[in-house]
Amino acid sequence: PLAAAIRTLAQLCLDVRDQGRGFEERLLALPEESIDAPADYPSSFASGCFAVEKLARSAYLRSTKRGKLPKWFVALRPNKGASWTDLTAFTEVPLPPGTSEMADPFLWEVDGRTYLLFEEMLAGTPRGRLAAMEVLDQGTYSEKKVILEKDYHLSYPCVFMANGELFMLPETAEAQRVDLYRFTRFPWEVELVTTLVEGMALVGTTPIEWRGHWYFFTTTSQPFMETLLFWSDRVDGRWNLHPASPVSVSVRNCRGAGHLFCRDGRLYRVTQDCSVCYGYAMQVNEVTRLTPTEFAESPGGYIPPQWSPGLIGTHTWNESAKYQVIDGIRYQ
């Protein structure tokens with residue numbers, strides 16, 4: 001709370017410096033509101049019960065999960081038009097040899113063939129890398145191949161098409177940059193095109209081309225997660241900060257959880273709910289207005305960690321014409 005207050009005061013000072021007297025006049029023009037103290041403050045007894053309940057839950061989890069570690073995994077199902085309200089029939093993707101965890105799954109189809117891109121963690125390594133494999137018939141997969149590995153953590157292999165070419169915007173927050181890659185041979189070979197942002201730790205960067213403009217949703221790192229919106233005339237062009245930024249400052253509806261997608265002519269944006277813990281659940285938001293000067297969205301659904309037994313979190317949803325994919329975390 002102290003750090004948040006300092007940050008708020010610093011932003012206020014910057015606004016005063018940049019906007020001067022006009023900013024002060026706008027503040028003074030705001031109508032005054034009476035603030036009545038709530039009458040339902042919890043009693044000391046209620047507060048004590050709350051603390052005991054949380055301590056008991058913590059003790060239970062520690063006793064039952066002893067010797068186990070939380071690990072991410074990926075699950076797939078045929079795309080038969082089911083939405084996030086129906087989370088049945090997902091089949092777990094088998095871990096490739098040597099892989100400890102899989103997360104952040106993305107799908108892309110080329111010439112009738114479907115490829116699964118994901119973050120891969122090896123046993124005993126602290127950093128993720130990006131890998132891919134082809135989704136074959138009867139629930140089988142091709143051999144996994146690494147497509148990008150650095151000396152810093154990589155995740156969120158967001159693949160998308162622009163001008164007839166396939167690109168990727170991986171998450172590279174540890175390096176404090178956002179790099180744009182082009183596939184020279186999809187999905188096995190990539191080359192760096194340009195660095196779009198440098199000097200900022202941004203996560204879950206997700207682009208979309210919408211009515212002649214490119215938009216980029218991206219989120220600042222913890223502890224102050226703010227989802228920023230930028231727009232550009234080109235996928236590799238200069239980012240312009242959208243006047244609606246930040247579009248979210250809520251831990252319940254922050255960093256990207258997969259591609260934006262259309263359903264029945266409506267545009268949706270999936271975000272993570274990190275209110276319980278990192279990657280706990282997903283919020284589905286309907287984008288009702290998106291232009292270089294306007295943005296509006298409203299809650300459209302919720303994906304809780306309940307589609308598989310033992311889940312303690314789920315934080316990525318993507319789909320293609322043939323498949324839908326999701327990830328989850330559980331103790332193993």
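For this structure, a couple of remarks:
- Evaluation of THR291 against the conditions (1) open to solvent by less than 60 Å² (accessible area, probe 1.4 Å); (2) closer than 21 Å to HIS242 by Cα; (3) without any contact (Cβ under 8 Å) to a residue 60 or more places away in the chain; (4) not basic (Lys, Arg) shows that the sole unmet condition is (3).
- The residue that is farthest from GLU92 (Cα to Cα), among those in segment 152-165 that are in contact (Cβ under 8 Å) with a residue 12 or more places away in the chain and exposed (fewer than 15 other Cβ atoms within 10 Å of the Cβ), is ASN163.
- Where CYS262 falls short, out of the listed (1) within 20 Å of CYS158 (Cβ to Cβ); (2) open to solvent by 40 Å² or more (accessible area, probe 1.4 Å); (3) not in a strand (DSSP E or B): (3)
- Counted residues, segment 149-167 - those being under 18 Å from VAL110 (Cβ atoms) and touching a Leu at 6+ places or on another chain (Cβ under 8 Å): 5
- Cβ-Cβ under 6 Å pairs, at least 6 apart or on other chains, segment 308-332 side farther than 28 Å from CYS262 by Cβ and free of Cβ contacts under 8 Å to residues at least 40 places away in the same chain, far side part of a strand (DSSP E or B) and open to solvent by 40 Å² or more (accessible area, probe 1.4 Å): GLY310/ARG330
- Residue within segment 57-64 that is under 30 Å from THR99 (Cα atoms), hydrophobic (A, V, I, L, M, F, W, C) and touching a residue at least 24 places away in the same chain (Cβ under 8 Å) present: no
- Segment 223-243, subset part of a loop (DSSP other than H, G, I, E, B) and either in contact (Cβ under 8 Å) with a residue 40 or more places away in the chain or at positive phi (or both), residue most open to solvent (accessible area, probe 1.4 Å): PRO223
- Filtered residue count, segment 285-306, keeping only those that are part of a loop (DSSP other than H, G, I, E, B) and either closer than 10 Å to LEU267 by Cα or within 19 Å of the chain's Cα centre (by Cα) (or both): 3
- Of the residues making up segment 81-95, those that are open to solvent by less than 50 Å² (accessible area, probe 1.4 Å) and modelled with pLDDT of 95 or more number 2.
Per-residue answers, yes or no, for (1) hydrophobic (A, V, I, L, M, F, W, C); (2) touching a helix residue (DSSP H, G or I) at 6+ places or on another chain (Cβ under 7 Å); (3) in a strand (DSSP E or B):
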{"residue": "GLY124", "(1), (2), (3)": "no, no, no"}
{"residue": "ILE147", "(1), (2), (3)": "yes, no, yes"}
{"residue": "PRO157", "(1), (2), (3)": "no, no, yes"}
{"residue": "LEU166", "(1), (2), (3)": "yes, no, yes"}
{"residue": "ASP179", "(1), (2), (3)": "no, no, yes"}
{"residue": "VAL190", "(1), (2), (3)": "yes, no, yes"}
{"residue": "MET200", "(1), (2), (3)": "yes, no, no"}
{"residue": "THR205", "(1), (2), (3)": "no, no, yes"}
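- Scanning segment 101-122 turns up no residue that is open to solvent by less than 30 Å² (accessible area, probe 1.4 Å), in contact (Cβ under 8 Å) with a residue 12 or more places away in the chain, farther than 22 Å from GLY256 by Cα and not in a strand (DSSP E or B).
- Qualifying residue in segment 54-64 (condition: modelled with pLDDT of 90 or more, aliphatic (A, V, I, L, M) and assigned to a helix (DSSP H, G or I)): yes
- VAL270 vs. criteria touching a Phe, Trp or Tyr at 6+ places or on another chain (Cβ under 7 Å) and either loosely packed, with under 13 Cβ neighbours inside 10 Å or among the β-branched types (Val, Ile, Thr) (or both): yes
- Unique residue being over 33 Å from the mean Cα position of the chain (by Cα), open to solvent by less than 60 Å² (accessible area, probe 1.4 Å) and either on the phi < 0 side of the Ramachandran plot or not polar (S, T, N, Q) (or both) when the list is PHE23, PHE73: PHE23
- Segment 256-274, subset over 20 Å from PHE118 (Cα atoms) and in contact (Cβ under 8 Å) with a residue 40 or more places away in the chain, residue farthest from the chain's Cα centre (by Cα): ARG263
- Segment 26-70 - residue that is among the aromatic types (Phe, Trp, Tyr) and surrounded by 10 or more Cβ atoms within 10 Å (Cβ to Cβ) and, of those, nearest to THR114 (Cα to Cα): TYR60
The values are calculated or read from the model by the stated rules, or taken from the named source; none is laboratory data. All of these numbers come straight from a predicted model, not from anything done at the bench. Because the Cβ atoms are built from the backbone with ideal geometry, glycine has one as well, and the counts that use them run over all protein chains shown. Accessible surface is based on the protein model in full, side chains and every heavy atom, while ligands, DNA and RNA are left aside. Shrake-Rupley method; radii C 1.70, N 1.55, O 1.52, S 1.80 Å.
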